[in-house]
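Each remark here refers to the structure printed beneath this line.
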Amino acid sequence: MVGYRRNFVPGGTYFFTAALQDRTSTYFIDHIDHLLQSVQTVKSKSRFDEVATVVLPDHLHTIWKLPRDDFDYPGRWKAIKSLFTRSLLKYGVPLEKNARGEYLLWQRRYWEHTIMDEQDLKSHIDYIHYNPVKHGYVDNVSAWSHSSFHRYVQSGMLPEDWGGVVKEIKGMNFGE
C-alpha cells in the first residue's frame, strides 16, 4: 500500500473534503443537527476557525484555520467522525459494521489541501460556496441553506446574488 503523506503546518489553513462511504446516502443532510453538534463539540475542545463550509447529502467541504502552534487536524477529524457516528447510533439510526467491527458510515480517509496564499484561499472558498450548484442541488448559491455563504452575505463579504443563477448545466462537466 502506498503511504499517504499529509502536510502538517502549525497554524496552517486547510481545505478538506470528507465523505460518507455510501455516496448515495443523505445522512449529512438528514441528520444535519447531529453533524453540526459534533463539529461544535470538537471546536469547543480543540479550537479552530471554520473559514467556510458546505454540507451536502453525502459529503462536505470545509476550510479550517488552526491555532498558531497546532497542526492536529487528524485528531479533530477522528473526533468529529466518532461523535457523529455515536450520535446517529444513539438516535437509533441502524449502521452496518465491517469484518473489523468498524461502522460503515464514513469513507476511511478525507482529502486535505494546505492553503498556500490568499488567492488559493479565495478559490477554495468560492468552490465551497458554489458546490451545491455544481452538483445540481440548487440553481443559485443562496438557495442552499447548509453553507457558510449566508454568513458571508450577512457580513457584507459577498452579495446575495453571488454566483448568478444556473439555467442549464446539461453537458457541462465540472468534475469533483
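Within segment 87-107, how many residues turn out to be open to solvent by 40 Å² or more (accessible area, probe 1.4 Å) and touching a Phe, Trp or Tyr at 6+ places or on another chain (Cβ under 9 Å)?
Number satisfying all stated conditions: 3.
Kindly provide the set of residues from segment 108-134 that are open to solvent by less than 40 Å² (accessible area, probe 1.4 Å), within 13 Å of Ile63 (Cα to Cα), in a helix (DSSP H, G or I) and out of contact with any Gly (no Cβ under 9 Å at 6 or more places or on another chain), ordered by number.
Asp120, Leu121, His124, Ile125, Ile128
What number goes with the only condition from (1) buried (at least 17 other Cβ atoms within 10 Å of the Cβ); (2) free of Cβ contacts under 8 Å to residues at least 24 places away in the same chain; (3) in contact with a Lys or Arg (Cβ under 7 Å, 6 or more places away or on another chain) that Val141 does not pass?
Failed condition: (3).
Restricting the search to segment 64-97, which residues are within 22 Å of Glu118 (Cα to Cα) and aliphatic (A, V, I, L, M)?
Across segment 64-97, the qualifying residue is only Leu66.
Take segment 40-52 and flag every residue that is open to solvent by 20 Å² or more (accessible area, probe 1.4 Å), under 14 Å from the mean Cα position of the chain (by Cα) and touching a residue at least 24 places away in the same chain (Cβ under 8 Å).
Correct list: Glu50, Val51.
Scan segment 140-159 and give yes if some residue there is over 20 Å from Val42 (Cβ atoms), touching a Pro at 6+ places or on another chain (Cβ under 6 Å) and not acidic (Asp, Glu), otherwise no.
The answer is yes; a qualifying residue exists.
Can you report the number of residues in segment 58-80 which are in contact with a helix residue (DSSP H, G or I) (Cβ under 8 Å, 6 or more places away or on another chain), open to solvent by less than 30 Å² (accessible area, probe 1.4 Å) and either touching a residue at least 40 places away in the same chain (Cβ under 8 Å) or more than 26 Å from His135 (Cα to Cα) (or both)?
9
Would you please name the residue that is nearest to Trp111 (Cα to Cα), looking only at residues in segment 144-176 that are more than 18 Å from the chain's Cα centre (by Cα), modelled with pLDDT of 95 or more and outside any loop (DSSP other than H, G, I, E, B)?
Val153
Let's see how each residue does on (1) within 25 Å of Asp126 (Cα to Cα); (2) touching a strand residue (DSSP E or B) at 6+ places or on another chain (Cβ under 6 Å); (3) at pLDDT 95 or above:
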| position | (1), (2), (3) |
| --- | --- |
| Leu35 | yes, no, yes |
| Gln40 | yes, no, yes |
| Ala52 | yes, yes, yes |
| His59 | yes, yes, yes |
| Lys78 | no, no, yes |
| Leu83 | no, no, yes |
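The values are calculated or read from the model by the stated rules, or taken from the named source; none is laboratory data. Computed from a predicted model, the values in this text were never measured in an experiment. Using ideal geometry, Cβ is built from the backbone for each residue, glycine included, and neighbour counts are taken over all protein chains shown. The protein model used for the area step is the full one, side chains on, heavy atoms only, and it has no ligands, DNA or RNA in it. Shrake-Rupley method; radii C 1.70, N 1.55, O 1.52, S 1.80 Å.
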